[in-house]
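Everything below concerns the one structure shown next.
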Amino acid sequence: MEQYLENEAATLQLGRRLARLCVAPCLLFLHGELGAGKTTLVRGLLQELGHTGAVKSPTYTLVEPYYFDHKKVFHFDLYRLGDPEELEYLGFRDYLDDHSLCLVEWSERGAGHLPLPDVEVYLDPSGEGRQARLIAHDQSGEALLARLEPF
């Protein structure tokens, strides 16, 4: 599934729509260059769930947790991960429970130590906006994308 996102508001809206449709447990990988809009998408998702504070990429902490009445969201940024095996020390698999939505930026840094995501979201700069491409990897991801159309 592909869609052109013309501005930041459209990227936030995609995050909001994903928040409404993601059923825990859910694992999303977010791909794109620095500044492509990954954290903007996460901000839209968190705002839809009721978060009112700042949302920053957890580049130095590796994970930022957010807790809601009905769901837990863990935002990972693996950009500074030195070795994929560090995910074992971080206890990554413990975050993947039945009530969690895990959003992972820079998942390629954890190659070989991360499970296959339900959906991968690619954000690529294009003109004044960005091109969004979403790929499902399992039945849960396919169901999510089927409910997302058109976005």
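When N is the residue count of the chain, what does its C-alpha Rg come to as a fraction of 2.2 N^0.38 Å?
Dividing the Cα radius of gyration by 2.2 N^0.38 Å gives 0.96.
Length gain on complete extension for the stretch Asp69 to Leu116, per 0.36 nm per residue less the alpha carbon to alpha carbon distance?
Taking 0.36 nm per residue and subtracting the Cα distance, the gain is 14.2 nm.
Given a Förster distance of 25 angstrom, what is the FRET efficiency for Arg133 paired with Lys56, based on the Cβ-Cβ distance and rounded to 0.05? Mind dumping the intermediate values first?
Numbers: r = 25 Å, r/R0 = 0.99.
Efficiency at R0 = 25 Å is approximately 0.50.
Within the range 127-151, whose backbone N sits under 11 Å from a point 7 Å along Cα→Cβ of Leu21?
The answer is 134-136, 141-151, whose backbone nitrogens lie closer than 11 Å to the label point.
Return the long-range amide H neighbours of Glu105 (sequence gap of 5 or more, or a different chain), with a cut-off of under 5 Å between placed amide H atoms.
Amide H neighbours of Glu105: Leu30, Phe76, Asp77, Leu78.
With +1 on each Lys and Arg Cβ and -1 on each Asp and Glu Cβ, how big is the dipole of the chain about its Cα centre, in debye rounded to the nearest 20?
Numbers: 14 positive and 24 negative charges, 97 e Å.
That gives a dipole near 460 debye.
Springs between alpha-carbon atoms under 10 Å, Gaussian network over the chain: tell me which of Thr59, Thr40, Thr11 tops the mean-square fluctuations.
Thr59
Here, each number is a calculation from the coordinates, and none is a lab measurement. Every value quoted in this text rests on a predicted model; they were computed, and no experiment measured them. For neighbour counting, all protein chains shown are included, and Cβ atoms are generated from backbone atoms with ideal geometry for every residue, glycine included.
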